[in-house]
Amino acid sequence: MTDPAYDYDLFVIGAGSGGVRASRIAAGYGARVAVAEEYRVGGTCVIRGCVPKKLLVYGSHFAEELQDAANYGWTVEKMTFDWPTLRDAVAKDVDRLNAAYTNTLNSNKVEHFLERATITGPNSVKLASGREITAKYILVAVGAWPVMPEIEGVEHCITSNEVFHLESLPRRVVIAGAGYIALEFAGIFNALGSHVTVVNRSETILRGYDAALRDRLLQITMARGIEYKFNCGFERVEKQEDGSLLVFMKGQPDPLHADAVLVATGRRPKTDGLGLENAGIALGAHGEIVVDEGAQTSCPSIFAVGDVTNRVQLTPIAIREGHAFADRVFGGKDTRVSYDCIPSAVFSQPPLASVGLNEAQAREKLGSNVKIFTSDFRPMKNIFGHRPERGLYKLVVDAQTDKVLGVHLIGPDAPEVLQAAAIAVKAGLTKADFDATVALHPSMAEELVLMR
Ligand SMILES: Cc1cc2nc3c(=O)[nH]c(=O)nc-3n(C[C@H](O)[C@H](O)[C@H](O)COP(=O)(O)OP(=O)(O)OC[C@H]3O[C@@H](n4cnc5c(N)ncnc54)[C@H](O)[C@@H]3O)c2cc1C
């Protein structure tokens with residue numbers, strides 16, 4: 001397989017979720033592989049995404065557990081929270097994972113260059129240090145990057161890249177956007193005691209999720225003290241002498257006072273300055289690399305996987321795409337990625353999770369041939385903790401075939417429950433199959449098989 005005409009069989013740009021998986025699998029098939037990484041091996045998920053975010057969610061969740069602890073007989077005296085302790089512990093875990101991912105590359109004999117790479121031709125890349133490298137195949141796995149608004153004072157705002165490194169816990173946080181990243185950080189800061197205001201240009205939060213779940217989340221988070229300003233956009237951000245910020249919004253007379261302003265209004269494929277034009281690689285309307293079903297770009301020797309293709313911006317998808325690419329190009333296997341029934345979650349507080357068609361999508365597809373089953377319940381844990389919040393579980397069913405088309409959950413541990421339910425939806429099980437399954441009692445998950 002090895003072609004001596006090139007320095008490597010595969011050169012991967014970006015050592016994130018997709019790039020590391022593709023490198024490791026390709027090397028396992030005997031390919032000579034190198035990868036370039038401009039920041040830290042592990043990529044967004046490990047270094048400044050899913051993992052550190054989830055650890056902050058865990059850290060902030062103690063607030064709720066401690067509040068509810070009294071009825072369970074616990075007296076917690078002098079409850080205090082220290083942001084630098086949590087921040088530094090999370091950073092330490094990120095270091096551990098960064099080392100583990102680097103070890104994975106080393107143990108699979110994947111050479112890595114800790115510098116930026118750009119494409120200079122169909123089979124060549126240039127490293128920031130000036131070195132030119134040739135490869136039979138190039139895989140672009142550079143991920144995405146936060147989109148910033150073009151407003152005065154934007155340099156005073158932070159993104160999810162910086163939020164993990166804040167010097168102190170902001171007393172007042174303004175968050176732009178109402179997607180999953182915005183609402184996850186809204187939940188974290190709210191639980192840690194900051195005053196949170198979410199500013200969104202429309203009235204819709206979490207586009208794509210079932211409306212009933214979105215409403216429930218809005219209702220609960222408002223009751224928990226998160227403020228929402230809908231149909232609002234930032235005009236400018238001003239820094240005050242004391243370091244605090246004023247956020248001026250279009251059409252609003254009074255600015256918001258903040259100690260941190262987090263912009264979470266979306267992530268764009270990181271294709272700028274990558275030299276894609278040197279290989280004639282076609283881009284889509286949002287700067288994404290256009291690929292076919294086999295991850296091949298318009299240049300036959302160059303492939304792309306993960307967020308840079310802007311299909312589904314999730315870690316497990318980038319990993320599967322990287323794996324399938326390596327299987328096909330180096331392993332002679334026809335591995336394909338299925339984009340059907342991808343489960344996803346929002347680690348808001350409470351969290352929500354979803355798989356398959358939501359009610360609106362099912363009705364659009366099947367008209368009146370849709371049956372909806374819901375369970376609107378107050379989890380035992382919430383009742384005992386004197387917490388009024390209710391969970392909501394929803395099944396979307398094809399009335400003709402009885403197939404469960406979607407499962408949508410909001411409530412404690414919803415993502416943990418959903419992963420198992422996603423297997424049933426992916427397998428095409430029916431509502432009758434759900435009904436035939438004996439409840440696991442007492443659990444919240446049992447609601448899934450008790451809806452009639
Ligand atoms: C705050 C946050 C929370 C998230 N939470 C979740 C979650 O809970 N669940 C989930 O599934 N997904 C989550 N995601 C999304 C997930 O992180 C991405 O979908 C995933 O990391 C995409 O993998 P990738 O391989 O495409 O790119 P990345 O993991 O982003 O890797 C790309 C790598 O390429 C490097 N790079 C870029 N340009 C160059 C260059 N020219 N030369 C060399 N290196 C370069 C980058 O530094 C980066 O390390 C989250 C993202 C964010 C930002």
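Each reported figure results from applying straightforward, stated rules to the coordinates on display, with no laboratory input. Only a predicted model underlies this, so the values are computations on that prediction, with no experimental measurement involved. Every residue, glycine as well, gets a Cβ built from its backbone with ideal geometry; the counts of neighbours run over all protein chains shown.
Things to note:
- Distance between the modelled labels on CYS50 and ALA99, one decimal in nanometres: 2.3 nm (7 Å Cα→Cβ projection).
- Put a plus charge on the Cβ of each Lys and Arg, a minus charge on the Cβ of each Asp and Glu, and nothing anywhere else: the dipole of the chain about its Cα centre is then about 640 debye.
- Relative contact order [Cα under 8 Å, 6+ residues apart], segment 344-449, whole percent: 28
- A Cβ-based charge dipole, computed about the Cα centre of segment 154-265 with Lys and Arg at +1 and Asp and Glu at -1, lands at about 360 debye.
- Structure-based [θ]222 nm, the chain - -39500 (n - 2.57) summed over DSSP H runs of at least 4, per residue, nearest 500: -9500 deg cm²/dmol
- In this simple spin-label model, placing a label point 7 Å from the Cα along the Cα-to-Cβ direction at both ASP254 and TRP74 gives a separation of 3.8 nm.
- When LEU55, LEU276 are sorted by how many other C-beta atoms sit within 10 angstrom of their C-beta, beginning with the fewest, the order is LEU55, LEU276.
- Short-range pairs are left out: with C-alpha atoms under 8 Å and at least six residues apart, the relative contact order of segment 45-135 is 19 percent.
- Theoretical gain in end-to-end length, ASP3 to PHE81 [0.36 nm per residue, Cα-Cα removed]: 22.3 nm
- Segment 154-265, relative contact order in percent, only Cα pairs under 8 angstrom and at least six apart counted: 37
- Using the empirical formula 2.2 N^0.38 Å as the baseline, the Cα radius of gyration of the chain reaches a ratio of 1.06.
- Counting only GluC sites (Glu not before Pro) that DSSP places in a loop and that have at most 10 other Cβ atoms within 10 Å, the longest clean stretch of the chain runs over 294-452.
- Filtered trypsin sites (Lys or Arg not before Pro), segment 3-38: DSSP coil and at most 10 other beta carbons within 10 Å: none
- Spin-label model, ALA211/VAL290: points 7 Å from Cα along the beta carbon direction are separated by 3.5 nm.
- A Förster distance of 41 Å, applied to the separation of the beta-carbon atoms of PHE62 and THR335, puts the FRET efficiency at 0.45.
- Compared with the dominant Cα axis of the chain, that is its longest principal axis, helix 17-28 is turned about 40°.
- The trypsin sites (Lys or Arg not before Pro) found in segment 89-163 that occupy coil by DSSP, while having at most 15 further C-beta atoms within 10 Å, are LYS109, ARG131.
- Qualifying trypsin sites (Lys or Arg not before Pro) in segment 203-250, where qualification requires a DSSP coil assignment and no more than 12 other C-beta atoms within 10 Å, comprise ARG207, LYS250.
- Largest first, the three principal axis extents of the alpha carbons in segment 154-265 are 44, 31, 24 Å in whole numbers.
- FRET efficiency, 1/(1 + (r/R0)^6) with R0 45 Å, evaluated for ARG171 and LYS365 via beta carbons: 0.45
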